[in-house]
Amino acid sequence: MVATTAPASRPNSPLKLFAVMMTVTLVGAGTAGAADLVLHLPMDDGTGSAVAADASGNGHDGTLVNMDPNTDWVSGHAGLALDFDGTDDYVSVPDHAALDFGTGDFSVTVWFFKRSATAAWDNNYALGKWNTGASPGTNEWCLLVGTGGQTGDNPSFVVETTEDDRYGVSDPQESSLNVWHHLIGVRKAETLSLYVDGILVDRNISLPADSAINNVGRHLLVAVNSPSAPHVFYTDGLFDDVQIY
């Protein structure tokens with residue numbers, strides 16, 4: 001992993017952070033723009049809705065699983081967000097060819113408000129198409145609010161290729177709990193990049209440019225790695241504004 005040197009401080013002005021976020025989101029994958037938007041879950045649907053609707057127009061709606069539509073829509077980073085209890089809550093978006101990236105470039109983004117520290121692999125997962133690191137060949141990619149290990153609150157981005165090789169980037173700093181943070185993972189050719197709160201915190205240039213990300217038919221999940229035993233790990237916190245380009 002090739003790490004960049006993080007600045008001494010990260011942007012804390014809302015206006016400055018917004019400007020940085022827009023720049024990274026739109027150009028992080030090279031030429032990303034509105035036409036490249038694959039999925040957008042603003043999570044502003046509100047009380048009574050059992051669906052997190054896809055605002056991209058592509059129909060990739062997410063279903064709330066084990067969640068209460070009457071209480072789990074709460075105030076978010078902007079508008080509303082979904083509140084995940086860390087016990088059995090998650091959102092599931094059905095697998096689709098548009099969510100399988102192969103050798104192509106892509107970027108994924110989310111706002112997160114993590115309440116509990118990573119412990120025994122729980123409180124790691126933000127969103128992704130992942131199963132478990134214990135089973136090579138069953139994973140695609142994931143954006144994490146932890147290291148992916150038993151402990152550690154360092155955000156990460158990991159992909160698994162069709163050769164069952166894994167490549168990742170990770171923030172050298174832990175993200176503070178009970179604070180909103182923004183996370184972006186980018187795959188561009190042979191490079192993986194991770195941005196936290198608008199700052200490039202890690203870059204990995206070892207991914208072969210022609211390597212294809214696994215396509216094993218996994219659903220896109222928010223706040224859990226996999227809904228099936230024996231390896232199921234939930235995240236306690238709020239998630240808002242999921243986007244994939």
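Here are some notes:
- In this structure the chain gives 40 Å² per residue of accessible area when probed at 1.4 Å with all protein chains present.
- Over every Cα atom in the stretch 114-185, the radius of gyration and the widest Cα-Cα span, Dmax, amount to 11.9, 38 Å.
- The stretch 28-98 and the stretch 188-245 have their alpha-carbon centroids 16 Å apart.
- Accessible carbon and sulfur surface of the chain relative to its total accessible area, %, 1.4 Å: 53
- Pairwise alpha-carbon distances in the stretch 120-245 exceed 26 Å for 14% of all pairs.
- With distances taken between every two different alpha-carbon atoms, the stretch 46-145 has a Kirkwood hydrodynamic radius of 15.3 Å.
- Here the average projected area of the convex hull drawn through the C-alpha atoms of the chain stands at 11.7 nm².
- Cα lying deepest toward the dipole's positive end in the chain, options Trp73, Ser228, Gly48, charges on Cβ: Trp73
- The stretch 61-205 pair-distance distribution - Cα-Cα, 10 Å bins, rounded %: 11, 40, 38, 10, 0
- Contour minus Cα-Cα distance for Asn70 and Ser49 (0.36 nm per residue): 6.8 nm
- Distance between the 7 Å Cα→Cβ label points at Ile205 and Val179: 3.1 nm.
- Qualifying trypsin sites (Lys or Arg not before Pro) in the stretch 154-245, where qualification requires a DSSP coil assignment and no more than 16 other C-beta atoms within 10 Å, are lacking entirely.
- In this label model, His231 and Ala35 are separated by 4.0 nm, measuring between points 7 Å along each Cα→Cβ vector.
- Per-bin percent of Cα-Cα distances, the stretch 53-103 [5 Å]: 5, 17, 20, 24, 18, 12, 4, 1, 0
- Two-decimal log10 I(q)/I(0) for the stretch 33-82, as the Debye equation yields it once each C-alpha is a single scatterer, q = 0.30 Å⁻¹: -1.12
- Charges were assigned to the Cβ only: +1 to each Lys and Arg, -1 to each Asp and Glu. The resulting dipole of the chain about its Cα centre is roughly 600 debye.
The values are calculated or read from the model by the stated rules, or taken from the named source; none is laboratory data. Keep in mind that what you see is a predicted model, and the values were worked out from it rather than measured. Cβ sites come from the backbone with ideal geometry, for glycine too, and all protein chains shown count toward neighbours. Heads up: the accessible areas ignore ligands, DNA and RNA and are worked out on the full protein's heavy atoms, side chains in. Shrake-Rupley method; radii C 1.70, N 1.55, O 1.52, S 1.80 Å.
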